[in-house]
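Participant: Mind looking over this structure? Questions follow.
Bear in mind that the values in this text are calculations on the coordinates, not laboratory data. No experiment lies behind these values; they were computed from the predicted model shown. Virtual Cβ from ideal backbone geometry, glycine too; neighbours counted across all protein chains shown.
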Amino acid sequence: MIKIMDKKDCSGCKACYNICPRNCIEMKIDGEGFWYPKVEVASCVGCGLCESVCPELNIYKNSSSSSRPTCIAAWNVDKATRENSSSGGVFTSIAEWILDNDGVVFGAAYDKKRNVMHTEVREIEDLSELRGSKYVQSDINTTYNSAKKYLDKGKKVLYTGTPCQIAGLYNFLQKEYAELYTCDIVCYGVPSPIVFQKYKKNLEQEYNSNISGITFRNKKNGWKSYSVAIQFENGSEYSKTFINDAYMKGFLRNYYLRPSCYKCSYAKLPRISDITLGDFWGVASKYPELYDDDGTSLLLINTAKGKSMIDACKNNIEHHECDLEVAIAGNPSIISSVKEPKKRQRFFEDLHNRDFNYIIKKYMSPPTWIERKIIFGVRVLRFMKKRILKLLKK
Ligand SMILES: Cc1cc2nc3c(=O)[nH]c(=O)nc-3n(C[C@H](O)[C@H](O)[C@H](O)COP(=O)(O)OP(=O)(O)OC[C@H]3O[C@@H](n4cnc5c(N)ncnc54)[C@H](O)[C@@H]3O)c2cc1C
């Protein structure tokens, strides 16, 4: 029977919850807002399935995945899709290929209350629900069971998520499926749903209206200086570049990531999925010809199945092979976990005892020297872009 002794040993993937034949595992939310399994002992028959599928107790190794994946800078050729995606919009291309082939796509979406949940999409018109990064832990709910039902019927399934969520799926399925395609993201770590709730509530009070839409990666100021854009039912709008938004600041200072994220078992090569998607942050300095501030995806092709998937949608993706080391240098989360800040525990104590505005002032301002460097870099890039455009016009 599964029992979590150290919270760092549970990524909250819910594989145990999905597999339990007696439905006697409840996912309980702790004071930090993360869910952990709790077994109702009286109903448990001691079958041990919950422990056997846990991707932290049993680290999943994808034997088809290469420790030197093909590294590609890529973007969706459709301008609108690229604009509405966090990076280069490669996710949409592969998802469309799956849906065109009568398949099903699983990924993270907002529910009515703007909580983030994994859900299935079967129609192209609904794909926008999965598009875009939602910077909070997504609840897998019972989607492993749903994916298995489709796979057992022989349908194509694309399952997308964080590396630990994909590991949970593989362990849950316990066998290989020819029609299963997996795509993980380069993951910095997943923020706490309770902090996200408090952030939303604080803004709703400030704007005196309910939130009707959230985009974490609005590109109106470009891909590199992206903004958090929030719409309210009363027509008001909030928009701040990530460097000035309180929630993004706390996220990127690592205050409220899930404990397991500080020692992620899957931030490494070989990667867990058929393909890995992220932002190609180092692209501008090494490959300026592949950079235009509309968003460049980092695409790692890890398996032969991943290659077949990308080959199938190559007409919709602009792609250029690059050096893996350049990608890793710009994006260390490919192979390593972020550090836990010393003040993390104090942060959560304050979160429960203090007003959210106090938290913002204490933990999320002023910009750190790294943030100041990024702000400076973004300004220099914008200035250079303007100068080049001016010169080209002459
Ligand atoms: C919490 C989090 C941390 C990230 N950290 C990094 C990082 O350090 N470096 C980096 O290069 N990229 C990171 N990314 C990935 C990046 O933001 C883009 O999601 C990725 O590059 C895909 O972009 P796209 O343009 O192809 O597609 P998009 O349409 O922008 O992305 C959609 C895809 O993201 C998935 N997704 C969105 N939110 C979540 C979520 N909460 N949980 C699981 N899956 C989700 C969807 O299921 C779908 O597969 C992170 C994403 C998230 C959600």
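Participant: For ASP355 and MET27, what is the calculated FRET efficiency with R₀ set at 30 Å and r taken between the beta-carbons, to the nearest 0.05?
Facilitator: E between ASP355 and MET27, to the nearest 0.05, is 0.55.
Participant: Whole-Hz ³J(HN,Hα) for each residue in segment 123-128, computed from phi via Karplus 6.51 cos²θ - 1.76 cosθ + 1.60 with θ = phi - 60°, x for glycine and proline: what do you get?
Facilitator: My calculation for segment 123-128 gives 10, 4, 4, 8, 5, 4 Hz in order.
Participant: Using modelled amide H (1.01 Å from N, peptide plane; none on Pro or chain starts), what sits under 5 Å from the amide H of GLY282, excluding residues fewer than 5 places away?
Facilitator: HN-HN under 5 Å from GLY282: GLY330.
Participant: Give me the Å³ per residue figure for the convex hull around the C-alpha atoms of segment 83-200.
Facilitator: Convex hull of Cα atoms, per residue: 110 Å³.
Participant: GLN197 to ASP126: extension gain in nm, 0.36 nm per residue of separation minus the Cα-Cα distance?
Facilitator: Separation in residues times 0.36 nm, less the Cα-Cα distance, equals 23.1 nm.
Participant: Further question: Just to check I understand the Karplus step: with θ = phi - 60° and J = 6.51 cos²θ - 1.76 cosθ + 1.60, what whole-Hz values come out for segment 328-341, glycine and proline as x?
Facilitator: 5, 4, x, 8, x, 5, 5, 10, 8, 8, 7, 7, 7, x
Participant: Over the chain, with a Gaussian network built from C-alpha contacts below 10 Å, which listed residue (LEU57, LEU252, LEU130) shows the highest mean-square fluctuation?
Facilitator: In the Gaussian network model the winner is LEU57.
Participant: If you take the Cα Rg of segment 7-53 and divide it by 2.2 N^0.38 Å, with N the number of residues, what do you get?
Facilitator: Ratio of Cα Rg to 2.2 N^0.38 Å: 1.12.
Participant: Here's another thing I want to ask about it. Mind checking which helices in the chain clear 30 Å along their axis (Cα) and have mean Kyte-Doolittle hydropathy of -0.5 or more, DSSP H runs only?
Facilitator: 369-393
Participant: Rounded to a whole number, what is D in µm²/s for segment 246-317 from Stokes-Einstein with the Kirkwood radius over alpha-carbon pairs (4 °C, 1.567 mPa s)?
Facilitator: Using the Kirkwood radius from Cα pairs, D works out to 86 µm²/s.
Participant: If you average the C-alpha positions of segment 1-76 and of segment 162-189 separately, how far apart do those two centres end up, in angstrom?
Facilitator: 11 Å
Participant: In angstroms, what radius of gyration and Dmax does segment 204-260 have, counting Cα atoms only?
Facilitator: 12.7, 39
Participant: Ranked highest first by the average count of other Cβ atoms within 10 Å around their residues, in what order do 34-40, 22-28, 137-143, 81-87 fall?
Facilitator: Top of the packing list down: 81-87, 137-143, 34-40, 22-28.
Participant: Also: Starting from the amide H of ALA109, placed 1.01 Å from N in the peptide plane, find each other amide H under 5 Å away whose residue is 5 or more places distant or on another chain.
Facilitator: MET117, HIS118, THR119
Participant: Quick one: check the C-alpha center-to-center distance for segment 97-115 versus segment 274-293, whole angstrom.
Facilitator: When both Cα centres are located, 25 Å separates them.
Participant: Can you give the FRET efficiency for ASN210 and ASP111, using 1/(1 + (r/R0)^6), R0 = 22 Å, r = Cβ-Cβ distance, to the nearest 0.05?
Facilitator: 0.95
Participant: Taking θ = phi - 60°, what integer Hz values does the Karplus form 6.51 cos²θ - 1.76 cosθ + 1.60 yield along segment 230-237, in sequence order, with x for Gly and Pro?
Facilitator: In residue order, the calculated couplings are 10, 9, 10, 4, 7, x, 6, 9 Hz.
Participant: Arrange HIS320, HIS118, HIS352 by Cβ neighbour counts within 10 Å, fewest through most, would you?
Facilitator: Final ranking by Cβ density, sparse to dense: HIS352, HIS320, HIS118.
Participant: So, how do all the Cα-to-Cα distances of the chain break down into 10 Å bins, in percent, from 0 on up?
Facilitator: Spelled out per bin, shortest first, that is 5, 22, 33, 27, 11, 2, 0, 0.
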